[in-house]
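Q: Here it is: the structure, laid out below.
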Amino acid sequence: MSRIKETFANGKAFIPFITCGDPDLETTESSVRAAVENGADLIELGIPFSDPTAEGPVIQGANIRALKGGVTTDKIFELVRRLRRDVRVPMVFMTYANVVFSYGSERFMAACRDIGIDGLILPDVPFEEKEEFLPLCRRYGIDLISLIAPTSENRIARIAREAEGFLYIVSSLGVTGVRSEITTDLKAMVEVVRQNTDIPCAIGFGISTREQAGKMAAYADGVIVGSAIIRILEQYGREAPEHIGEYVRKMKEALRQCIG
């Protein structure tokens, strides 16, 4: 059993997203540790990109701040290497195809394996074009994590059948960002997934409150929160890790109370 699948076997998973280097890599490192210490089951690390097409204003701002601060892919690899000295939960990268291409796809995957990255999310790579990366991911033991969106419709079953690691279910149309209400029929989407795979699924995009997390976890195996955490980093800067830890603790408590 992969480390990712094993994580989801332990109950509803809480997955925080953190943009590496916002405001600096030291704060990122402390934020990851605070999240894990307070119950985070898997960490999604964003490698900044100058044109993050899937992101709303909050995470776009984090990308800009990180890049202005001089973060690089190599520096992020070193960050993960430090974290892996004691952080045992799975970690996945979320970035864009151009970041991987510009680094060198095979060199990138080999580095991910060497530092202990478990999976890769590339939101600008359509399912039909995943063969550009999938063979290399498999060669180096990296799960290429597929996304399912409300517009996937007739493609959901096929994507689910070929999924690895976990399935990332996008809750709403548009880009990332906090939403006051999520109206997509996620239950129906998850039912199609369940009919086609036993790979766990997590819902992301727009989740920020305990109530939303509990509602989403009633359908899915976990929830992903990004913009709400980036807002904490934006507000508190280098003092953010303590606040992130408290936020993660409360969200994880909500998931523990969920029976689904």
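Q: For the stretch 58-100, enumerate the residues that are under 16 Å from I142 (Cα atoms) and β-branched (V, I, T).
A: Those that are under 16 Å from I142 (Cα atoms) and β-branched (V, I, T): V80, V89, V92, T95, V100.
Q: Still on this structure, please answer the following. Kindly establish whether I76 is at pLDDT below 95, of a type in the set (A, V, I, L, M, F, W, C) and in contact with a Ser or Thr (Cβ under 9 Å, 6 or more places away or on another chain).
A: no
Q: Among the residues of the stretch 64-82, is there at least one that is outside any helix (DSSP H, G or I) and either among the basic types (K, R) or within 18 Å of the chain's Cα centre (by Cα) (or both)?
A: There is no residue in the stretch 64-82 that is outside any helix (DSSP H, G or I) and either among the basic types (K, R) or within 18 Å of the chain's Cα centre (by Cα) (or both).
Q: Exactly one of these conditions fails for A35: (1) under 17 Å from the mean Cα position of the chain (by Cα); (2) assigned to a loop (DSSP other than H, G, I, E, B). Give me its number.
A: Failing condition for A35: (2).
Q: Out of all the residues in the stretch 148-167, is one or more modelled with pLDDT under 95, part of a strand (DSSP E or B) and surrounded by 14 or more Cβ atoms within 10 Å (Cβ to Cβ)?
A: Yes - at least one qualifying residue is present in the stretch 148-167.
Q: Can you pull out every residue in the stretch 14-28 that is hydrophobic (A, V, I, L, M, F, W, C) and either in contact with a strand residue (DSSP E or B) (Cβ under 9 Å, 6 or more places away or on another chain) or not in a helix (DSSP H, G or I) (or both)?
A: F14, I15, F17, I18, C20, listed by residue number.
Q: E6 is checked against (1) of a type outside the set (F, W, Y); (2) in a loop (DSSP other than H, G, I, E, B); (3) surrounded by fewer than 17 Cβ atoms within 10 Å (Cβ to Cβ); (4) under 18 Å from the mean Cα position of the chain (by Cα) and fails just one. What number does that condition carry?
A: Answer for E6: the failing condition is (2).
The values are calculated or read from the model by the stated rules, or taken from the named source; none is laboratory data. The model shown is predicted, which means the values in this text are computed figures rather than measured ones. Note that each Cβ is placed from the backbone with ideal geometry, even for glycine, and that neighbours are counted across all protein chains shown.
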